[in-house]
1. Out of Lys72, Lys177, which single residue is within 26 Å of Ser41 (Cα to Cα), among the basic types (Lys, Arg) and either crowded, with 18+ Cβ neighbours inside 10 Å or in contact with a Pro (Cβ under 9 Å, 6 or more places away or on another chain) (or both)?
2. Can you tell me which residue is surrounded by the fewest Cβ atoms within 10 Å (Cβ to Cβ) among those in region 145-174 that are of a type in the set (S, T, N, Q) and either modelled with pLDDT under 95 or farther than 18 Å from Glu105 by Cβ (or both)?
3. Any residue at all in region 141-154 that's among the polar types (S, T, N, Q), within 17 Å of the chain's Cα centre (by Cα) and farther than 22 Å from Lys42 by Cβ?
4. Restricting to region 59-106, what's the tally of residues that are among the aromatic types (Phe, Trp, Tyr) and either in contact with a Leu (Cβ under 6 Å, 6 or more places away or on another chain) or not in a loop (DSSP other than H, G, I, E, B) (or both)?
5. Hey, Ile121 hits all of (1) modelled with pLDDT of 95 or more; (2) in contact with a strand residue (DSSP E or B) (Cβ under 8 Å, 6 or more places away or on another chain); (3) of a type in the set (A, V, I, L, M, F, W, C) but one; which does it fall short on?
6. How about region 1-53: which of its residues are among the small types (Gly, Ala, Ser) and either at pLDDT 75 or above or surrounded by 12 or more Cβ atoms within 10 Å (Cβ to Cβ) (or both)?
7. Restricting to region 99-118, count the residues that are more than 18 Å from Thr48 (Cα to Cα) and touching a Ser or Thr at 6+ places or on another chain (Cβ under 8 Å).
8. Only residues that are of a type in the set (S, T, N, Q) and within 20 Å of Thr48 (Cβ to Cβ): list them for region 129-156, please.
Amino acid sequence: MKQVEIDKKFNSQEEYFLFEEGSELKHELINGNLFEMSGVSKFHNYITRRLTILLDMLLKNTNTELFLEGYKVLTPDGNFFYPDVIVSSPNAQKYYTGEPILLIEVLSDSTRTYDLTDKFIQYKKIPSLNYYLCIEPEQQVVIFYFKNENSEWLTETYTKDEDAINLPHLNISFTLKDIYHP
């Protein structure tokens, strides 16, 4: 991630949103500083598209909303991030949701460490979040973070076609084959 220097602080969330609408690049807002988002590879784009189609089908007629990488999530600390895919409660705002249930990041060389550590530390603070998926786009590896019944975060790693990712809070499950192979 590359920090973008700005001469002023935003006086409101709305001011940040207006800045983002007028910008050709996307920026996450973290502790008052802007971080420029990098572009994506064709593999990243492919996985994001597959997940979106899959989740759209699985979540039909549920009380959730599905958003793509251009939509923001707000953490309790007031930071805004752009996950690749968001499944949220239906209370989303115009530019962001503060109530995601599932967040998905498709990893890249430039964001892998950040997504697996710093970003996850921020995401874990969101009370409504139950699932965080980190997906490798060029090899079949999915790192699945989930809250157990005691609200403790656990991790599982999947690599096989038949490995199933179960999301009981959303009443859905899917396999790695569903993600990686049409």
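The values are calculated or read from the model by the stated rules, or taken from the named source; none is laboratory data. Owing to the predicted nature of the structure, the values given are computational and were not obtained by experimental measurement. Cβ sites come from the backbone with ideal geometry, for glycine too, and all protein chains shown count toward neighbours.
1. Lys72
2. Step by step, filter region 145-174, then rank; the result is Asn150.
3. no
4. Number of matching residues: 4.
5. The one condition Ile121 does not meet is (2).
6. The answer is Ser12, Gly22, Ser23, Gly32, Ser38, Ser41.
7. Number of matching residues: 1.
8. Within region 129-156, Gln139, Gln140 qualify.
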